[in-house]
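As C-alpha coordinates, the structure follows; a few thoughts come after it.
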(Lines give C-alpha, C1' and ligand atoms only; values in the text may rest on other atoms or scores of the structure.)
Protein backbone atom coordinates (compact mmCIF):
# COMPACT_ATOMS: atom_id res chain seq x y z
CA UNK A 1 0.00 0.00 0.00
CA UNK A 2 1.24 3.48 -0.81
CA UNK A 3 1.37 5.62 2.32
CA UNK A 4 2.22 8.82 0.53
CA UNK A 5 -0.05 11.82 0.93
CA UNK A 6 -0.03 15.12 -0.95
CA UNK A 7 2.69 17.40 0.41
CA UNK A 8 0.34 20.37 0.46
CA UNK A 9 -2.17 18.76 2.87
CA UNK A 10 -3.38 21.20 5.52
CA UNK A 11 -2.07 20.33 9.00
CA UNK A 12 -3.34 23.14 11.26
CA UNK A 13 -2.92 21.40 14.64
CA UNK A 14 0.29 21.83 16.64
CA UNK A 15 1.14 20.19 19.98
CA UNK A 16 -1.08 22.43 22.13
CA UNK A 17 -4.07 22.13 19.83
CA UNK A 18 -3.63 18.35 19.65
CA UNK A 19 -3.46 18.21 23.46
CA UNK A 20 -6.59 20.33 23.66
CA UNK A 21 -8.28 17.81 21.34
CA UNK A 22 -7.40 15.02 23.75
CA UNK A 23 -8.56 16.93 26.84
CA UNK A 24 -11.71 18.28 25.19
CA UNK A 25 -12.61 14.92 23.67
CA UNK A 26 -12.19 13.06 26.95
CA UNK A 27 -13.80 15.29 29.57
CA UNK A 28 -17.52 14.72 29.19
CA UNK A 29 -20.23 13.28 31.41
CA UNK A 30 -18.22 10.58 33.20
CA UNK A 31 -16.54 12.66 35.87
CA UNK A 32 -19.86 14.37 36.69
CA UNK A 33 -21.64 11.11 37.53
CA UNK A 34 -18.87 8.71 38.60
CA UNK A 35 -18.45 10.04 42.18
CA UNK A 36 -21.96 8.74 42.88
CA UNK A 37 -21.46 5.47 41.00
CA UNK A 38 -18.20 4.75 42.82
CA UNK A 39 -19.32 5.80 46.31
CA UNK A 40 -19.93 2.28 47.60
CA UNK A 41 -16.57 0.96 46.37
CA UNK A 42 -14.44 3.09 48.71
CA UNK A 43 -10.70 2.49 48.42
CA UNK A 44 -11.22 0.10 45.51
CA UNK A 45 -12.33 3.06 43.40
CA UNK A 46 -9.04 4.86 44.14
CA UNK A 47 -7.12 1.77 42.99
CA UNK A 48 -9.37 1.62 39.93
CA UNK A 49 -8.44 5.17 38.95
CA UNK A 50 -4.72 4.47 39.34
CA UNK A 51 -4.84 1.27 37.26
CA UNK A 52 -7.11 2.83 34.63
CA UNK A 53 -4.86 5.86 34.18
CA UNK A 54 -1.73 3.69 33.98
CA UNK A 55 -3.40 1.37 31.46
CA UNK A 56 -4.67 4.29 29.41
CA UNK A 57 -1.12 5.65 29.25
CA UNK A 58 0.04 2.25 27.95
CA UNK A 59 -2.63 2.47 25.26
CA UNK A 60 -1.64 6.06 24.54
CA UNK A 61 2.02 5.09 24.12
CA UNK A 62 1.04 2.20 21.85
CA UNK A 63 -1.09 4.49 19.69
CA UNK A 64 1.70 7.08 19.64
CA UNK A 65 4.29 4.55 18.49
CA UNK A 66 1.88 3.26 15.86
CA UNK A 67 1.42 6.78 14.50
CA UNK A 68 5.20 7.26 14.54
CA UNK A 69 5.57 4.14 12.44
CA UNK A 70 2.88 5.27 9.98
CA UNK A 71 2.87 9.11 10.18
CA UNK A 72 1.20 9.48 6.76
CA UNK A 73 -1.92 7.53 7.80
CA UNK A 74 -5.16 9.49 8.08
CA UNK A 75 -5.95 8.00 11.48
CA UNK A 76 -6.58 4.83 13.46
CA UNK A 77 -9.28 3.43 11.18
CA UNK A 78 -6.94 3.43 8.18
CA UNK A 79 -4.28 1.69 10.28
CA UNK A 80 -6.80 -0.94 11.41
CA UNK A 81 -7.85 -1.51 7.81
CA UNK A 82 -4.23 -1.93 6.75
CA UNK A 83 -3.31 -4.24 9.61
CA UNK A 84 -6.45 -6.34 9.99
CA UNK A 85 -8.30 -6.22 6.68
CA UNK A 86 -11.73 -4.95 5.69
CA UNK A 87 -13.87 -7.42 7.64
CA UNK A 88 -12.25 -6.76 11.02
CA UNK A 89 -12.18 -3.02 10.30
CA UNK A 90 -15.95 -3.04 9.77
CA UNK A 91 -16.45 -4.65 13.19
CA UNK A 92 -14.07 -2.19 14.86
CA UNK A 93 -15.65 0.83 13.15
CA UNK A 94 -19.13 -0.42 13.98
CA UNK A 95 -18.15 -1.02 17.62
CA UNK A 96 -16.93 2.57 17.76
CA UNK A 97 -20.25 3.75 16.31
CA UNK A 98 -22.15 1.73 18.94
CA UNK A 99 -20.01 3.34 21.66
CA UNK A 100 -20.91 6.75 20.22
CA UNK A 101 -24.66 6.33 20.57
CA UNK A 102 -24.31 4.57 23.93
CA UNK A 103 -22.34 7.60 25.09
CA UNK A 104 -25.08 9.84 23.68
CA UNK A 105 -27.50 8.11 26.06
CA UNK A 106 -25.20 8.71 29.06
CA UNK A 107 -24.69 12.36 28.14
CA UNK A 108 -28.39 12.98 27.65
CA UNK A 109 -29.20 11.30 30.97
CA UNK A 110 -26.53 13.41 32.69
CA UNK A 111 -27.93 16.58 31.18
CA UNK A 112 -31.45 15.63 32.31
CA UNK A 113 -30.29 14.81 35.87
CA UNK A 114 -28.53 18.15 36.27
CA UNK A 115 -31.42 20.05 34.69
CA UNK A 116 -33.66 18.38 37.29
CA UNK A 117 -31.89 20.53 39.90
CA UNK A 118 -33.69 23.49 38.28
CA UNK A 119 -36.90 21.65 37.39
CA UNK A 120 -38.30 19.84 40.44
CA UNK A 121 -41.09 18.38 38.28
CA UNK A 122 -38.48 15.95 36.90
CA UNK A 123 -38.68 13.99 40.13
CA UNK A 124 -38.80 10.45 38.73
CA UNK A 125 -36.57 8.21 36.69
CA UNK A 126 -39.26 7.98 34.01
CA UNK A 127 -39.60 11.75 33.57
CA UNK A 128 -35.83 12.20 33.57
CA UNK A 129 -35.65 9.51 30.90
CA UNK A 130 -38.19 11.34 28.75
CA UNK A 131 -36.24 14.58 29.25
CA UNK A 132 -33.04 12.82 28.18
CA UNK A 133 -34.72 11.56 25.01
CA UNK A 134 -36.05 15.06 24.31
CA UNK A 135 -32.48 16.39 24.60
CA UNK A 136 -31.23 13.75 22.14
CA UNK A 137 -33.76 14.71 19.50
CA UNK A 138 -33.34 18.44 20.03
CA UNK A 139 -29.60 18.16 19.42
CA UNK A 140 -30.22 15.75 16.54
CA UNK A 141 -32.45 18.36 14.92
CA UNK A 142 -29.70 20.95 15.37
CA UNK A 143 -27.15 18.68 13.71
CA UNK A 144 -29.46 17.89 10.80
CA UNK A 145 -29.43 21.63 10.06
CA UNK A 146 -25.77 21.30 9.12
CA UNK A 147 -22.29 20.95 10.60
CA UNK A 148 -21.82 24.72 10.80
CA UNK A 149 -24.72 25.17 13.23
CA UNK A 150 -23.52 22.23 15.32
CA UNK A 151 -19.98 23.64 15.33
CA UNK A 152 -21.10 27.02 16.64
CA UNK A 153 -22.99 25.35 19.48
CA UNK A 154 -19.90 23.26 20.29
CA UNK A 155 -17.64 26.31 20.59
CA UNK A 156 -20.17 27.90 22.95
CA UNK A 157 -20.21 24.93 25.34
CA UNK A 158 -16.62 23.66 25.30
CA UNK A 159 -14.95 25.96 27.87
CA UNK A 160 -17.89 25.80 30.30
CA UNK A 161 -17.25 22.12 31.08
CA UNK A 162 -14.18 22.90 33.18
CA UNK A 163 -15.85 25.40 35.52
CA UNK A 164 -17.66 22.84 37.77
CA UNK A 165 -14.43 20.84 38.17
CA UNK A 166 -12.49 24.00 39.06
CA UNK A 167 -15.13 24.77 41.73
CA UNK A 168 -14.67 21.30 43.25
CA UNK A 169 -10.88 21.67 43.36
CA UNK A 170 -11.12 25.09 45.01
CA UNK A 171 -13.43 23.64 47.69
CA UNK A 172 -11.11 20.66 48.27
CA UNK A 173 -8.10 22.95 48.64
CA UNK A 174 -10.01 25.01 51.17
CA UNK A 175 -10.92 21.89 53.15
CA UNK A 176 -7.31 20.71 53.07
CA UNK A 177 -5.97 24.08 54.27
CA UNK A 178 -8.62 24.04 57.01
CA UNK A 179 -7.10 20.93 58.56
CA UNK A 180 -8.79 18.24 56.46
CA UNK A 181 -11.35 17.30 59.09
CA UNK A 182 -14.13 17.34 56.46
CA UNK A 183 -12.53 14.29 54.81
CA UNK A 184 -13.57 12.20 57.81
CA UNK A 185 -17.34 12.52 57.22
CA UNK A 186 -17.55 9.19 55.38
CA UNK A 187 -16.26 5.74 56.24
CA UNK A 188 -14.71 4.33 53.08
CA UNK A 189 -15.14 0.67 52.19
CA UNK A 190 -11.85 -1.28 52.24
CA UNK A 191 -10.05 -2.35 49.09
CA UNK A 192 -11.46 -5.53 47.48
CA UNK A 193 -9.47 -7.15 44.67
CA UNK A 194 -12.57 -8.98 43.43
CA UNK A 195 -14.28 -5.63 42.75
CA UNK A 196 -11.37 -4.10 40.84
CA UNK A 197 -12.26 -5.37 37.31
CA UNK A 198 -15.79 -3.99 37.58
CA UNK A 199 -14.59 -0.67 38.97
CA UNK A 200 -11.95 -0.49 36.25
CA UNK A 201 -14.58 -0.88 33.54
CA UNK A 202 -16.64 1.91 35.10
CA UNK A 203 -13.85 4.46 35.56
CA UNK A 204 -12.46 3.74 32.10
CA UNK A 205 -15.62 5.28 30.66
CA UNK A 206 -14.42 8.69 31.86
CA UNK A 207 -11.11 8.21 29.99
CA UNK A 208 -12.61 7.18 26.65
CA UNK A 209 -11.74 9.74 24.00
CA UNK A 210 -8.00 10.00 24.69
CA UNK A 211 -7.37 8.73 21.15
CA UNK A 212 -8.79 11.91 19.59
CA UNK A 213 -5.42 13.29 18.42
CA UNK A 214 -4.53 9.96 16.80
CA UNK A 215 -7.91 9.82 15.08
CA UNK A 216 -7.12 13.20 13.52
CA UNK A 217 -3.42 12.46 12.90
CA UNK A 218 -3.70 13.60 9.29
CA UNK A 219 -4.39 17.14 10.54
CA UNK A 220 -1.55 17.29 13.12
CA UNK A 221 1.80 18.86 12.27
CA UNK A 222 4.71 16.47 12.81
CA UNK A 223 2.38 13.68 14.00
CA UNK A 224 5.25 11.33 14.84
CA UNK A 225 6.23 13.75 17.64
CA UNK A 226 3.07 15.66 18.50
CA UNK A 227 0.48 12.86 18.61
CA UNK A 228 2.32 10.78 21.27
CA UNK A 229 3.16 13.88 23.35
CA UNK A 230 -0.40 15.21 23.12
CA UNK A 231 -1.90 11.83 24.02
CA UNK A 232 0.33 11.12 27.03
CA UNK A 233 0.28 14.73 28.25
CA UNK A 234 -3.49 14.91 27.90
CA UNK A 235 -4.04 11.61 29.75
CA UNK A 236 -1.71 12.71 32.58
CA UNK A 237 -3.55 16.02 33.00
CA UNK A 238 -7.00 14.44 32.84
CA UNK A 239 -6.00 11.59 35.16
CA UNK A 240 -4.72 13.96 37.84
CA UNK A 241 -7.87 16.07 37.58
CA UNK A 242 -10.16 13.03 37.77
CA UNK A 243 -8.42 11.43 40.76
CA UNK A 244 -8.53 14.66 42.75
CA UNK A 245 -12.18 15.42 41.93
CA UNK A 246 -13.63 11.91 42.28
CA UNK A 247 -11.77 10.81 45.40
CA UNK A 248 -12.01 14.25 46.98
CA UNK A 249 -15.80 14.27 46.68
CA UNK A 250 -15.99 10.68 47.93
CA UNK A 251 -14.01 11.49 51.09
CA UNK A 252 -15.70 14.82 51.85
CA UNK A 253 -19.33 13.78 51.45
CA UNK A 254 -21.37 11.09 53.30
CA UNK A 255 -21.28 7.85 51.30
CA UNK A 256 -25.01 7.14 51.46
CA UNK A 257 -25.87 10.68 50.34
CA UNK A 258 -23.35 10.53 47.50
CA UNK A 259 -24.51 7.11 46.29
CA UNK A 260 -28.12 8.34 46.09
CA UNK A 261 -27.23 11.50 44.17
CA UNK A 262 -28.06 11.91 40.50
CA UNK A 263 -26.01 15.14 40.36
CA UNK A 264 -23.07 14.48 42.74
CA UNK A 265 -20.89 17.43 41.68
CA UNK A 266 -23.72 19.93 42.18
CA UNK A 267 -24.70 18.34 45.49
CA UNK A 268 -21.09 18.51 46.70
CA UNK A 269 -20.76 22.19 45.84
CA UNK A 270 -24.13 22.92 47.45
CA UNK A 271 -22.97 21.21 50.66
CA UNK A 272 -20.02 23.59 51.06
CA UNK A 273 -20.96 26.78 49.19
CA UNK A 274 -24.73 26.84 49.39
CA UNK A 275 -27.67 26.54 47.02
CA UNK A 276 -26.66 29.36 44.68
CA UNK A 277 -23.31 27.75 43.91
CA UNK A 278 -24.88 24.32 43.49
CA UNK A 279 -27.38 25.73 41.01
CA UNK A 280 -24.60 27.45 39.07
CA UNK A 281 -22.55 24.25 38.90
CA UNK A 282 -25.62 22.24 37.88
CA UNK A 283 -26.24 24.71 35.07
CA UNK A 284 -22.67 24.58 33.80
CA UNK A 285 -22.62 20.78 34.06
CA UNK A 286 -25.88 20.46 32.13
CA UNK A 287 -24.48 22.74 29.42
CA UNK A 288 -21.27 20.68 29.36
CA UNK A 289 -23.15 17.40 28.98
CA UNK A 290 -25.41 18.82 26.27
CA UNK A 291 -22.37 20.25 24.47
CA UNK A 292 -20.68 16.85 24.52
CA UNK A 293 -23.93 15.29 23.33
CA UNK A 294 -23.83 17.66 20.38
CA UNK A 295 -20.29 16.51 19.50
CA UNK A 296 -21.21 12.82 19.67
CA UNK A 297 -24.37 13.28 17.60
CA UNK A 298 -22.16 14.89 14.95
CA UNK A 299 -19.67 12.00 15.15
CA UNK A 300 -22.51 9.46 14.92
CA UNK A 301 -22.88 10.50 11.29
CA UNK A 302 -19.19 11.00 10.52
CA UNK A 303 -18.02 7.49 11.49
CA UNK A 304 -20.41 5.59 9.15
CA UNK A 305 -19.83 8.26 6.49
CA UNK A 306 -16.08 7.61 6.64
CA UNK A 307 -16.68 3.85 6.48
CA UNK A 308 -19.01 4.26 3.49
CA UNK A 309 -16.51 6.43 1.62
CA UNK A 310 -13.78 3.88 2.34
CA UNK A 311 -15.91 1.14 0.79
CA UNK A 312 -16.30 -0.74 4.08
CA UNK A 313 -20.11 -0.43 4.11
CA UNK A 314 -22.71 0.49 1.51
CA UNK A 315 -22.41 3.95 -0.02
CA UNK A 316 -26.16 4.39 0.54
CA UNK A 317 -25.56 4.74 4.28
CA UNK A 318 -23.29 7.70 3.60
CA UNK A 319 -25.77 9.64 1.46
CA UNK A 320 -25.77 13.31 2.40
CA UNK A 321 -28.75 15.56 3.03
CA UNK A 322 -29.08 18.98 1.41
CA UNK A 323 -27.22 20.34 4.46
CA UNK A 324 -24.27 17.99 3.91
CA UNK A 325 -25.09 15.62 6.78
CA UNK A 326 -25.10 11.80 6.65
CA UNK A 327 -28.64 11.86 7.98
CA UNK A 328 -29.39 8.12 8.04
CA UNK A 329 -26.75 7.08 10.63
CA UNK A 330 -27.45 10.21 12.69
CA UNK A 331 -31.14 9.34 12.98
CA UNK A 332 -30.32 5.65 13.55
CA UNK A 333 -27.93 6.57 16.38
CA UNK A 334 -30.53 8.79 18.03
CA UNK A 335 -33.14 6.02 17.79
CA UNK A 336 -30.72 3.54 19.37
CA UNK A 337 -29.73 5.95 22.16
CA UNK A 338 -33.41 6.63 22.92
CA UNK A 339 -34.19 2.92 22.95
CA UNK A 340 -31.25 2.28 25.29
CA UNK A 341 -32.63 4.80 27.78
CA UNK A 342 -36.22 3.53 27.56
CA UNK A 343 -35.27 -0.12 27.88
CA UNK A 344 -33.26 0.51 31.06
CA UNK A 345 -35.54 2.88 33.00
CA UNK A 346 -36.58 0.06 35.32
CA UNK A 347 -33.01 -0.12 36.65
CA UNK A 348 -33.32 3.27 38.38
CA UNK A 349 -30.87 6.14 38.01
CA UNK A 350 -27.81 4.32 39.38
CA UNK A 351 -28.48 1.10 37.44
CA UNK A 352 -29.21 3.06 34.25
CA UNK A 353 -25.86 4.85 34.44
CA UNK A 354 -23.98 1.68 35.35
CA UNK A 355 -25.26 -0.29 32.36
CA UNK A 356 -24.85 2.50 29.81
CA UNK A 357 -21.33 3.42 30.93
CA UNK A 358 -20.20 -0.21 30.89
CA UNK A 359 -21.68 -0.68 27.41
CA UNK A 360 -19.85 2.43 26.17
CA UNK A 361 -16.53 1.31 27.66
CA UNK A 362 -16.85 -2.24 26.35
CA UNK A 363 -17.64 -1.29 22.76
CA UNK A 364 -14.90 1.36 22.77
CA UNK A 365 -12.41 -1.21 24.00
CA UNK A 366 -12.91 -3.14 20.76
CA UNK A 367 -11.12 -0.28 18.97
CA UNK A 368 -8.25 -0.28 21.45
CA UNK A 369 -7.87 -4.06 21.27
CA UNK A 370 -7.80 -3.83 17.47
CA UNK A 371 -5.14 -1.10 17.60
CA UNK A 372 -2.98 -3.23 19.91
CA UNK A 373 -3.24 -6.21 17.56
CA UNK A 374 -2.26 -3.99 14.61
CA UNK A 375 0.72 -2.68 16.57
CA UNK A 376 1.82 -6.25 17.35
CA UNK A 377 1.51 -7.20 13.67
CA UNK A 378 3.65 -4.19 12.75
CA UNK A 379 6.27 -5.28 15.32
CA UNK A 380 5.93 -2.18 17.49
CA UNK A 381 7.42 -2.57 21.01
CA UNK A 382 5.86 -5.94 21.77
CA UNK A 383 6.27 -5.67 25.56
CA UNK A 384 4.52 -2.33 25.74
CA UNK A 385 1.84 -3.29 23.24
CA UNK A 386 1.30 -6.65 24.94
CA UNK A 387 0.78 -4.93 28.29
CA UNK A 388 -1.70 -2.48 26.72
CA UNK A 389 -3.57 -5.41 25.13
CA UNK A 390 -3.78 -7.27 28.46
CA UNK A 391 -5.10 -4.12 30.14
CA UNK A 392 -7.77 -3.73 27.44
CA UNK A 393 -8.84 -7.38 27.67
CA UNK A 394 -8.97 -7.23 31.48
CA UNK A 395 -11.05 -4.06 31.40
CA UNK A 396 -13.41 -5.63 28.86
CA UNK A 397 -13.78 -8.68 31.10
CA UNK A 398 -14.80 -6.37 33.95
CA UNK A 399 -17.90 -5.28 32.05
CA UNK A 400 -19.80 -8.38 33.18
CA UNK A 401 -21.67 -11.05 31.26
CA UNK A 402 -24.80 -9.03 30.48
CA UNK A 403 -22.93 -6.10 28.96
CA UNK A 404 -20.57 -8.44 27.09
CA UNK A 405 -23.53 -10.26 25.52
CA UNK A 406 -25.18 -6.99 24.49
CA UNK A 407 -21.91 -5.73 23.03
CA UNK A 408 -21.53 -8.93 21.03
CA UNK A 409 -25.08 -8.80 19.70
CA UNK A 410 -24.71 -5.17 18.66
CA UNK A 411 -21.44 -5.96 16.89
CA UNK A 412 -23.11 -8.75 14.93
CA UNK A 413 -25.42 -6.18 13.31
CA UNK A 414 -22.39 -5.04 11.30
CA UNK A 415 -22.06 -8.38 9.52
CA UNK A 416 -25.19 -8.07 7.32
CA UNK A 417 -24.05 -4.59 6.30
CA UNK A 418 -20.60 -5.88 5.38
CA UNK A 419 -21.97 -8.86 3.44
CA UNK A 420 -24.49 -6.65 1.62
CA UNK A 421 -21.69 -4.27 0.69
CA UNK A 422 -19.53 -7.11 -0.65
CA UNK A 423 -22.48 -8.38 -2.69
CA UNK A 424 -23.17 -4.93 -4.13
CA UNK A 425 -19.50 -4.39 -5.01
CA UNK A 426 -19.33 -7.83 -6.62
CA UNK A 427 -22.48 -7.06 -8.62
CA UNK A 428 -21.02 -3.74 -9.76
CA UNK A 429 -17.81 -5.44 -10.84
CA UNK A 430 -19.70 -8.06 -12.84
CA UNK A 431 -21.92 -5.40 -14.39
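The values are calculated or read from the model by the stated rules, or taken from the named source; none is laboratory data. Small disclaimer: the values here were computed from a predicted structure and weren't measured. All Cβ positions, even for glycine, are placed from backbone atoms using ideal geometry, and neighbour counts span all protein chains on display.
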Qualifying position, being in contact (Cβ under 8 Å) with a residue 60 or more places away in the chain and closer than 30 Å to residue 373 by Cα, among 115, 91, 144 | 91
When you go through 339, 295 one by one, which is the residue that is within 30 Å of residue 261 (Cα to Cα) and surrounded by 16 or more Cβ atoms within 10 Å (Cβ to Cβ)?
-> 295
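Could you go through region 16-27 and let me know if any residue there is over 18 Å from the mean Cα position of the chain (by Cα), at pLDDT below 80 and assigned to a helix (DSSP H, G or I). Spell out the reasoning first.
Filtering region 16-27 for residues over 18 Å from the mean Cα position of the chain (by Cα) gives 16-17.
Filter once more, so that each one left must be at pLDDT below 80: 16-17.
Narrowing further to those that are assigned to a helix (DSSP H, G or I): 16-17.
Yes, there is a match, as at least one residue in region 16-27 is over 18 Å from the mean Cα position of the chain (by Cα), at pLDDT below 80 and assigned to a helix (DSSP H, G or I).
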List the helices (runs of 4 or more DSSP H) that sit entirely inside region 100-207 and contain at least 2 residues that are at pLDDT 90 or above and closer than 20 Å to residue 331 by Cα.
-> 125-144
Can you spot a residue in region 272-288 that is without any contact (Cβ under 8 Å) to a residue 24 or more places away in the chain, surrounded by fewer than 19 Cβ atoms within 10 Å (Cβ to Cβ), on the phi > 0 side of the Ramachandran plot and over 24 Å from the mean Cα position of the chain (by Cα)?
-> yes
Assess whether residue 309 counts as being free of Cβ contacts under 8 Å to residues at least 12 places away in the same chain and either crowded, with 16+ Cβ neighbours inside 10 Å or in contact with a helix residue (DSSP H, G or I) (Cβ under 9 Å, 6 or more places away or on another chain) (or both).
-> yes
Of these, 245, 227, 269, which one is in contact with a strand residue (DSSP E or B) (Cβ under 7 Å, 6 or more places away or on another chain), in a helix (DSSP H, G or I) and buried (at least 22 other Cβ atoms within 10 Å of the Cβ)?
-> 227
Output the number of the condition that residue 52 fails; it satisfies all remaining conditions of (1) buried (at least 24 other Cβ atoms within 10 Å of the Cβ); (2) modelled with pLDDT under 90; (3) under 26 Å from residue 290 (Cα atoms).
-> (2)
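Can you list the helices (runs of 4 or more DSSP H) lying wholly within region 287-406 that have 3 or more residues being more than 30 Å from residue 57 (Cβ to Cβ)?
Once the helices (runs of 4 or more DSSP H) in region 287-406 are filtered for at least 3 residues that are more than 30 Å from residue 57 (Cβ to Cβ), what remains is 327-343, 348-377.
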Among residues belonging to region 403-431 that are modelled with pLDDT of 80 or more and in contact with a helix residue (DSSP H, G or I) (Cβ under 8 Å, 6 or more places away or on another chain), point out the one that is surrounded by the fewest Cβ atoms within 10 Å (Cβ to Cβ).
-> 404
Being within 28 Å of residue 132 (Cβ to Cβ) and surrounded by fewer than 19 Cβ atoms within 10 Å (Cβ to Cβ), is that true of even one residue in region 357-376?
-> no
Quick one: count up the residues across region 249-268 that are under 25 Å from the mean Cα position of the chain (by Cα), in contact (Cβ under 8 Å) with a residue 60 or more places away in the chain and over 25 Å from residue 101 (Cβ atoms).
-> 8
